[in-house]
1. Between L30 and L72, take the C-beta separation as r, use R0 = 30 Å, and let me know the FRET efficiency to the nearest 0.05.
2. Scan the chain for GluC sites (Glu not before Pro) in coil per DSSP, keeping those whose Cβ has at most 11 other Cβ atoms within 10 Å, and list them by number.
3. For the chain, what is the calculated [θ] at 222 nm in deg cm²/dmol (nearest 500), taking -39500 (n - 2.57) for each run of four or more DSSP H residues and dividing by its residue count?
4. Relative to the longest principal axis of the chain, what angle (0 to 90°, nearest 10) does the C-alpha long axis of helix 32-56 take?
5. Of the listed values (1) 1.01; (2) 1.25; (3) 1.72, identify the label whose number matches Cα Rg over 2.2 N^0.38 Å calculated from this model.
6. Exceeding 23 Å between C-alpha atoms, which entries from my cross-link table qualify? They are K7/K39; K50/K74; K42/K74; K7/K40.
7. Relative contact order, percent, of the chain when contacts are C-alpha pairs under 8 Å separated by at least 6 residues?
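Where a number appears in this text, it was derived from the coordinates with a stated rule and is not lab data. On a predicted model such as this, the values are computed, not experimentally measured, just so you know. Using ideal geometry, Cβ is built from the backbone for each residue, glycine included, and neighbour counts are taken over all protein chains shown.
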Amino acid sequence: MSQILNKIEKLGLILRTPSETDKRKVYISLSAFGMEMVKKIKYDREEWLKSVIEKKLTPEDMELLAKALPALHKLIENK
């Protein structure tokens, strides 16, 4: 695990902050750059999905998909 964390720290995606009360603990958080990368990946994924839906689905398919969204939301709400 530490090797993975070392690599993503070197990429500037995370920050390590030592605990002030327990020297054995280190808190890990996303850096500003890491947060921007998460936003970019999410945006890119949403744009890709939007593009595929527009290219591959008929208007009728899109309407069915829109009607199915409430049920799909129920599935992911209980993670």
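1. Details: r = 28 Å, r/R0 = 0.92.
Taking R0 as 30 Å, the efficiency between L30 and L72 is 0.60.
2. On the way: sites: E9, E20, E36, E46, E47, E54, E60, E63, E77; in loops: E20.
Passing sites in the chain are E20.
3. Working: 3 runs with 53 residues, N = 79.
Estimated from H runs of four or more residues: -22500 deg cm²/dmol.
4. Tilt of helix 32-56: around 20 degrees.
5. Only one option fits the structure, namely (3).
6. Working: K7/K39 20 Å; K50/K74 21 Å; K42/K74 21 Å; K7/K40 20 Å.
None, as every Cα separation is 23 Å or less.
7. On the way: 34 pairs, mean separation 13.6, N = 79.
Relative contact order for the chain comes out at 17 percent.
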